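The next block holds one structure in the form of structure tokens; read it before the comments.
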Amino acid sequence: MAETLGAFLDAARIDDAVFALRPDYRAVLLAVDGFVPGPSDHAGELLLRQAESVAAQSVSEVPVDKLPHIADWREAYRAFGAKPQRTRNSVEALTRRAGSGLPRVNRLTDIYNAISVLHQVPVGGEDLSRYEGAPQLIRATGDECFDTTADGLEVVEHPEPGEVVWCDDAGVTCRRWNWRQARRTQLREDTSSALFILDALGAMTDAQLHAAADDLAARLRGLGTNVLIAQRFMSSSSPTT
């Protein structure tokens, strides 16, 4: 299985058009298998409370939109036509929610949301078993399909041309880089294999990005006795195919 996870990550791709937009973009991808899934638990609750406390301290000193990495992401969103005051990057959305309480969803989502806030890095989590092909970060044509919900109903939307999206062979898995994830690959309480994506721009150093990934990996290893993790760092200066 470890070789399978590694092969999956080896096939991941970031399009050159994304690096043309933000040459400073980097990502760490974690493919994980063998953890025990489940609902929100006590360990996740403690981690979320810690994240809420850290976020409260951060925004007491600096406005949310002026926190360095959040400000970088707001600039990146503007670069491909998104309005960051309407469609907030995931770490900004979570940091703003922390004051009234971060969501409690399931043990996997709780962990990666907390890591996102603690390290001020966008983190996405996907059900690996529902992937079709390898993850790709591209600038959309506008024809790609994105399955989501609107007013409680399942709908299919399409990204804007030029929008930065994560996708697989079946369609978009996350719109606007790290704004909203698709329904198809969302983590569930029975998910036992997952892909996690940590996104970084210039305000975050490689060392900080790897520290966030290592923290997430350590938490995930605590969810079972046979947890396997493959990891890949991707940047404009590293092979992307």
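The values are calculated or read from the model by the stated rules, or taken from the named source; none is laboratory data. Remember, it's a predicted structure, so these values are computed and weren't measured experimentally. Because the Cβ atoms are built from the backbone with ideal geometry, glycine has one as well, and the counts that use them run over all protein chains shown.
Would a scan of region 130-137 turn up a residue that is touching a residue at least 12 places away in the same chain (Cβ under 8 Å), closer than 30 Å to Gly224 by Cβ and crowded, with 23+ Cβ neighbours inside 10 Å? Yes, because at least one residue in region 130-137 is touching a residue at least 12 places away in the same chain (Cβ under 8 Å), closer than 30 Å to Gly224 by Cβ and crowded, with 23+ Cβ neighbours inside 10 Å.
Taken together, the residues in region 169-185 that are part of a strand (DSSP E or B), over 27 Å from Ala211 (Cα atoms) and of a type outside the set (A, V, I, L, M, F, W, C) amount to 1.
Of all residues in region 186-217, those being assigned to a loop (DSSP other than H, G, I, E, B) and in contact (Cβ under 8 Å) with a residue 60 or more places away in the chain number 11. For region 1-53, the set of residues classified as over 24 Å from Val172 (Cβ atoms), surrounded by 14 or more Cβ atoms within 10 Å (Cβ to Cβ) and of a type in the set (Gly, Ala, Ser) consists of Gly6, Gly34, Gly38, Ser40, Ala43, Gly44, Ala51, listed by residue number.
Report yes if Leu220 is part of a helix (DSSP H, G or I), touching a helix residue (DSSP H, G or I) at 6+ places or on another chain (Cβ under 6 Å), more than 18 Å from His69 (Cα to Cα) and in contact (Cβ under 8 Å) with a residue 40 or more places away in the chain, otherwise no.
Working: part of a helix (DSSP H, G or I): yes; touching a helix residue (DSSP H, G or I) at 6+ places or on another chain (Cβ under 6 Å): no; more than 18 Å from His69 (Cα to Cα): yes; in contact (Cβ under 8 Å) with a residue 40 or more places away in the chain: yes.
Against the criterion (part of a helix (DSSP H, G or I), touching a helix residue (DSSP H, G or I) at 6+ places or on another chain (Cβ under 6 Å), more than 18 Å from His69 (Cα to Cα) and in contact (Cβ under 8 Å) with a residue 40 or more places away in the chain), Leu220 does not qualify.
Filter region 138-147 down to the residues that are surrounded by 14 or more Cβ atoms within 10 Å (Cβ to Cβ) and either modelled with pLDDT under 95 or over 12 Å from Trp166 (Cα atoms) (or both) and list them by number. Walk me through how you get there before you give the answer.
Let us first name the residues in region 138-147 that are surrounded by 14 or more Cβ atoms within 10 Å (Cβ to Cβ), namely 138-140, 144-147.
Matches in region 138-147: Asp147 only.
Does Thr173 satisfy the criteria of being of a type outside the set (A, V, I, L, M, F, W, C), without any contact (Cβ under 8 Å) to a residue 12 or more places away in the chain and over 18 Å from Pro39 (Cα atoms)? No; evaluated as a whole, the condition is false for this residue. Considering the conditions (1) surrounded by 13 or more Cβ atoms within 10 Å (Cβ to Cβ); (2) in contact with a Gly (Cβ under 8 Å, 6 or more places away or on another chain), Ala56 is excluded by exactly one of them, (1).
In this structure, does Gln120 turn out to be within 22 Å of Pro23 (Cα to Cα), surrounded by 18 or more Cβ atoms within 10 Å (Cβ to Cβ), of a type in the set (S, T, N, Q) and touching a helix residue (DSSP H, G or I) at 6+ places or on another chain (Cβ under 7 Å)? Quick ask: steps written out before the conclusion?
Details: within 22 Å of Pro23 (Cα to Cα): yes; surrounded by 18 or more Cβ atoms within 10 Å (Cβ to Cβ): yes; of a type in the set (S, T, N, Q): yes; touching a helix residue (DSSP H, G or I) at 6+ places or on another chain (Cβ under 7 Å): yes.
Here the answer is yes, as Gln120 does meet what is asked.
Within the set Asp199, Asp168, Asp214, the sole residue that is modelled with pLDDT of 95 or more, over 21 Å from Pro68 (Cα atoms), crowded, with 17+ Cβ neighbours inside 10 Å and acidic (Asp, Glu) turns out to be Asp168.
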